[in-house]
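Have a look at the structure below, then the notes.
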Amino acid sequence: MDFVVNILALGIPFSVALLIASLGEMVNQRAGVFNLGCEGIMAVGAFLGFLAPFLVGRGGPVPGIWNVAGILLAMGVGALLGLFFGLVVVTFRAPQGIAGIGLQMFGVGVAGTLFRHFVGGTQSIPGIPNMPIPVLSELPVLGPVLFSHNPLVYLTFLFVPAAWYILFKTPWGLRVRASGTNPRAADSIGVKVNLVRFQALAVGGALAGLAGAYLSLCQVKMFSDEIIAGRGFIAVALVYFGHWRPLKIMGGALLFSLAQALQLAIQGHGIDFPYEFAVMLPYALVIVVLAFSRESLLLGPTALGKPFNREMRT
C-alpha cells in the first residue's frame, strides 16, 4: 500500500510542469499554430525562475517575494518568446515545424549560456516549499497524495476548469477556436485571425515559461542544461493525446507522470528490474498511446499549422 501511495504522491507534482505547458500548447493549437519551441521557452523560464532567488539568496535566506519575481519574469519572457514565434510564423508565414525547432534550439542554448555566465555551476536554491493543507493533509492516503504539495500544484489543477471555461464559454475562446478551425469564416465576420493567434501564442508562451519555472523552483530547486528533459515535446504530444480538451490533457499528463514516478519507485525500492527500461517507460508509453489514438487526430483544428493570409482566397 505504501508503495502505491508513494507513486501517487510523486506522480501528482511530476505532472504539473507537463500540465501547464500542455494547456498553453492547447491554446496555441486551438488557434491554428503548433509550437515545437515549447521546450526552448520552458528552458528559458526554468533559468529565469531560478535566477532571481539565486542572486538574492547568495547572502542568506530568500524572501518569498523573489520566488514570485522569478515566476513573473519567466512568464513575461515566455510571452515575449511566444510573440516572437508569432512574428515568424504568423506575420512572415514561415513553416511552423521548422520555426519551432529553431526556437527550441535557441531557448535551450540561451538558457545554458546565461546559466554558465551568471551561475557557473550546479547550485541549489530553497525554492518554494510544500504547504500541506491543514486537516486535509492528515487524511490517510488522500492526505499525502492530494493535499501535501506546494501552492503551484494546487493552482495548476485549478487551471484545468479555468482553461475549459475560457475556451468554451467566453467570446475570446470562441474566436480562438474559430481561428484554428475555419479562419476564413472567422475573418468574414470580423475576427482578426492573426491578432487572435498572436494572443494565443503569448498565453502559450507565458504558460510554458511558468512550467519551466515550476521545475527549477518547486520540483528540482536548481537549474541544469538537462532540466527540461524533453518535457516540451511531451507537452505537444499530450495535446494530441487529449484531443485538445483540458480534462483529457490532464489525464495524459497524470498518466505520463505516474509512469515516471513508477520508474523512480522501482529504483528506490531496489526492485530487480532493468534500470534502462524503467527510465524509458514513460516516453515509450506516450508513443504507444499516440500510436493507438491516431484516428483521433482528425478531431483537431482543421487549420492547424496553416498560415492565414486574408488576401488569398484559397
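The values are calculated or read from the model by the stated rules, or taken from the named source; none is laboratory data. Predicted model only: the values in this text are computed from it and were never measured. Here the Cβ positions follow ideal geometry from the backbone for every residue, glycine too, while neighbour counts run over all protein chains shown.
I need the full set of residues from segment 126-155 which are on the phi > 0 side of the Ramachandran plot and under 22 Å from the mean Cα position of the chain (by Cα), in order please.
Scanning segment 126-155 gives a single hit, G127.
Tell me, yes or no, whether segment 136-146 has at least one residue that is closer than 20 Å to E25 by Cα and touching a residue at least 40 places away in the same chain (Cβ under 8 Å).
no
Please give the helices (runs of 4 or more DSSP H) falling wholly within segment 207-314 in which 3 or more residues are under 14 Å from the mean Cα position of the chain (by Cα) and at pLDDT 75 or above.
Working: elements: 231-241, 246-268, 275-292.
Hits in segment 207-314: 231-241, 246-268.
What tally of residues in segment 85-108 results from selecting those that are loosely packed, with under 15 Cβ neighbours inside 10 Å and in contact (Cβ under 8 Å) with a residue 12 or more places away in the chain?
4
Inside segment 6-60, can you point out the residues that are part of a helix (DSSP H, G or I) and over 17 Å from the mean Cα position of the chain (by Cα)?
N6, I7, L8, A9, L10, L51, A52, P53, F54, L55, V56, G57
Each row is one residue, and each column tells you yes or no for (1) assigned to a loop (DSSP other than H, G, I, E, B); (2) of a type in the set (F, W, Y); (3) modelled with pLDDT of 95 or more; (4) under 21 Å from I41 (Cα atoms).
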{"site": "P132", "(1), (2), (3), (4)": "yes, no, no, no"}
{"site": "S179", "(1), (2), (3), (4)": "no, no, yes, no"}
{"site": "L201", "(1), (2), (3), (4)": "no, no, yes, yes"}
{"site": "G204", "(1), (2), (3), (4)": "no, no, yes, yes"}
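Can you tell which of A162, A186, A200, A208 is buried (at least 23 other Cβ atoms within 10 Å of the Cβ) and free of Cβ contacts under 8 Å to residues at least 60 places away in the same chain?
Result: A186 is the single residue among A162, A186, A200, A208 that is buried (at least 23 other Cβ atoms within 10 Å of the Cβ) and free of Cβ contacts under 8 Å to residues at least 60 places away in the same chain.
Could you give every pair whose Cβ atoms fall below 6 Å, whose first residue belongs to segment 273-296 and is within 12 Å of L255 (Cα to Cα) and acidic (D, E), and whose second residue is surrounded by 15 or more Cβ atoms within 10 Å (Cβ to Cβ) and at pLDDT 75 or above, counting only separations of at least 6 or pairs across chains?
none
Quickly run through segment 137-155 and pick out the residues that are in a helix (DSSP H, G or I) and more than 21 Å from F3 (Cα to Cα).
Answer for segment 137-155, where residues must be in a helix (DSSP H, G or I) and more than 21 Å from F3 (Cα to Cα): P151, L152, V153, Y154, L155.
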